[in-house]
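The values are calculated or read from the model by the stated rules, or taken from the named source; none is laboratory data. Bear in mind the structure is a predicted one, so any value in this text is a computation, not a measurement. Every residue, glycine as well, gets a Cβ built from its backbone with ideal geometry; the counts of neighbours run over all protein chains shown. Just so you know, the surface numbers come from the protein's heavy atoms only, side chains and all, with ligands and any DNA or RNA stripped out. Shrake-Rupley method; radii C 1.70, N 1.55, O 1.52, S 1.80 Å.
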Amino acid sequence: MHAFNLSGKTILVTGASSGIGRQTALTLSKMGARLVISGRNEMRLNEGLAELENDNHLVFPADLTDSYQLTAVTAQLPMLNGMAFCAGIWKSAPIKFLTPELAIKLLQINYLAPQALVSLLLQQKKLQHQSSLVFVSSIAAQHPYKGGSAYSASKAALEAFSKTLSLEVAHIGIRSNCVAPAMVQTQMLEQSQNLVSENMMSQHAQQYPLGLGKPLDVAHAIAFLLSDASEWITGTTLRLDGGLSVGS
């Protein structure tokens, strides 16, 4: 079998109802994977399901920050060969106005949910030998920006978790990596555009030698890390920034 082929692999994709998660599910299905897709918006999740190649996929609408729903979903999952954790939120607030509630919400969705999910997957032995786990981080984890302390912290925690996980599961042949995109043209980008001027956004976009990213760019990187072509890669974070950080 070709190393880039995902045929015969069952892969869980969270946050599959929109943005990067939805595109990732579609891309993986085109590479032959059987998908288990999860997200909070059941209607959009089913719309995404209709786009997938083949018809052997599973859908589990759920809020993975809810411990009851998380436990229920995990118990129903089939054996997995991989996971792409794409669920996440972005909120910006200067530290002077940052509330504990906002910081906790960002940590819950961006870090605590994937941590709890992986813990249950390992406890219930749902991961096959040589499984690959991929988490969507952000370049904000290593490149902070004004107003982004809680968001950057949540993604930095996710990357530290992935590195530690890679050490703990290497002996059973499981790999763990992150992808860290810069600005990608998703609904999250549209939300950020409402908070800054059009001129500021345009100036920032001009700093990308290869232009702003697309969900497909991230999906391709995730697919690589889920495939056997990356079998000697673990504990890493793959930066996807269109050249933004070159020379910085």
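Kindly evaluate MET79 against the criterion of being modelled with pLDDT of 95 or more and surrounded by fewer than 13 Cβ atoms within 10 Å (Cβ to Cβ). Outline the logic, then answer.
Details: modelled with pLDDT of 95 or more: yes; surrounded by fewer than 13 Cβ atoms within 10 Å (Cβ to Cβ): yes.
So MET79 fits the description; yes.
If we keep just the residues of region 157-178 that are charged (D, E, K, R) and crowded, with 19+ Cβ neighbours inside 10 Å, which is nearest to SER245 (Cα to Cα)? Let's see the steps before the verdict.
Step one: of region 157-178, the residues charged (D, E, K, R) are 159, 163, 168, 175.
Subsequent filtering for residues that are crowded, with 19+ Cβ neighbours inside 10 Å retains 159, 175.
Numbers: GLU159: 18, ARG175: 26 Å.
Ranking the candidates gives GLU159 first.
Being open to solvent by 10 Å² or more (accessible area, probe 1.4 Å) and part of a strand (DSSP E or B) is the filter here, so list the residues in region 127-156 that pass it.
Matches in region 127-156: LEU127, GLN128, HIS129, GLN130, VAL136.
State which residue is nearest to PRO78 (Cα to Cα) when the search covers only region 35-63 and only residues that are open to solvent by 20 Å² or more (accessible area, probe 1.4 Å) and aliphatic (A, V, I, L, M).
By that ranking, first place goes to LEU58.
Of these, GLY19, GLY32, which one is of a type in the set (Gly, Ala, Ser), within 17 Å of LEU225 (Cβ to Cβ), touching a residue at least 12 places away in the same chain (Cβ under 8 Å) and open to solvent by less than 50 Å² (accessible area, probe 1.4 Å)?
Values: GLY19 fails: within 17 Å of LEU225 (Cβ to Cβ).
Result: GLY32 is the single residue among GLY19, GLY32 that is of a type in the set (Gly, Ala, Ser), within 17 Å of LEU225 (Cβ to Cβ), touching a residue at least 12 places away in the same chain (Cβ under 8 Å) and open to solvent by less than 50 Å² (accessible area, probe 1.4 Å).
For region 1-34, which residues satisfy the criterion of being among the small types (Gly, Ala, Ser) and either touching a strand residue (DSSP E or B) at 6+ places or on another chain (Cβ under 9 Å) or at negative phi (or both)?
To start, the set of residues in region 1-34 that are among the small types (Gly, Ala, Ser) comprises 3, 7-8, 15-19, 21, 25, 29, 32-33.
Matches in region 1-34: ALA3, SER7, GLY8, GLY15, ALA16, SER17, SER18, GLY19, GLY21, ALA25, SER29, ALA33.
Might you check whether a residue that is surrounded by 14 or more Cβ atoms within 10 Å (Cβ to Cβ), within 18 Å of the chain's Cα centre (by Cα) and not in a loop (DSSP other than H, G, I, E, B) occurs anywhere in region 87-100? Outline the logic, then answer.
Step one: filter region 87-100 for residues surrounded by 14 or more Cβ atoms within 10 Å (Cβ to Cβ), giving 87-93, 98.
From what's left, within 18 Å of the chain's Cα centre (by Cα): 87-91.
Narrowing the set further to residues that are not in a loop (DSSP other than H, G, I, E, B) leaves none.
Scanning region 87-100, I find no residue that is surrounded by 14 or more Cβ atoms within 10 Å (Cβ to Cβ), within 18 Å of the chain's Cα centre (by Cα) and not in a loop (DSSP other than H, G, I, E, B), so the answer is no.
For (1) modelled with pLDDT of 90 or more; (2) within 27 Å of ALA157 (Cβ to Cβ), each residue gets a yes or a no:
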{"site": "THR186", "(1), (2)": "no, yes"}
{"site": "SER202", "(1), (2)": "no, no"}
{"site": "ALA229", "(1), (2)": "yes, no"}
{"site": "GLY235", "(1), (2)": "yes, yes"}
{"site": "LEU238", "(1), (2)": "yes, yes"}
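Within region 91-111, can you find the residues that are among the hydrophobic types (A, V, I, L, M, F, W, C) and more than 25 Å from PHE224 (Cα to Cα)?
Going through region 91-111, the residues among the hydrophobic types (A, V, I, L, M, F, W, C) turn out to be 93, 95, 97-98, 102-104, 106-107, 109.
Of everything in region 91-111, those that are among the hydrophobic types (A, V, I, L, M, F, W, C) and more than 25 Å from PHE224 (Cα to Cα) turn out to be ALA93, ILE95, PHE97, LEU98, LEU102, ALA103, ILE104, LEU106, LEU107.
If only one of ASN5, ASN46, ASN54, ASN81 is over 15 Å from the mean Cα position of the chain (by Cα), assigned to a strand (DSSP E or B) and among the polar types (S, T, N, Q), which one is it?
Working: ASN5 fails: assigned to a strand (DSSP E or B); ASN46 fails: assigned to a strand (DSSP E or B); ASN54 fails: assigned to a strand (DSSP E or B).
Step by step, each of ASN5, ASN46, ASN54, ASN81 is checked, and only ASN81 is over 15 Å from the mean Cα position of the chain (by Cα), assigned to a strand (DSSP E or B) and among the polar types (S, T, N, Q).
Which condition does GLN130 not pass, out of (1) touching a residue at least 60 places away in the same chain (Cβ under 8 Å); (2) on the phi < 0 side of the Ramachandran plot, if it passes all the others?
For GLN130, the exception is condition (2).
Can you tell me which residue in region 204-241 is surrounded by the most Cβ atoms within 10 Å (Cβ to Cβ), limited to those that are acidic (Asp, Glu) and touching a residue at least 40 places away in the same chain (Cβ under 8 Å)?
Keep residues of region 204-241 that are acidic (Asp, Glu), which gives 217, 228, 231, 241.
Next, only the ones that are touching a residue at least 40 places away in the same chain (Cβ under 8 Å) stay: 228, 231, 241.
On the way: ASP228: 15, GLU231: 12, ASP241: 22.
If we take residues in region 204-241 being acidic (Asp, Glu) and touching a residue at least 40 places away in the same chain (Cβ under 8 Å), then ASP241 is surrounded by the most Cβ atoms within 10 Å (Cβ to Cβ).
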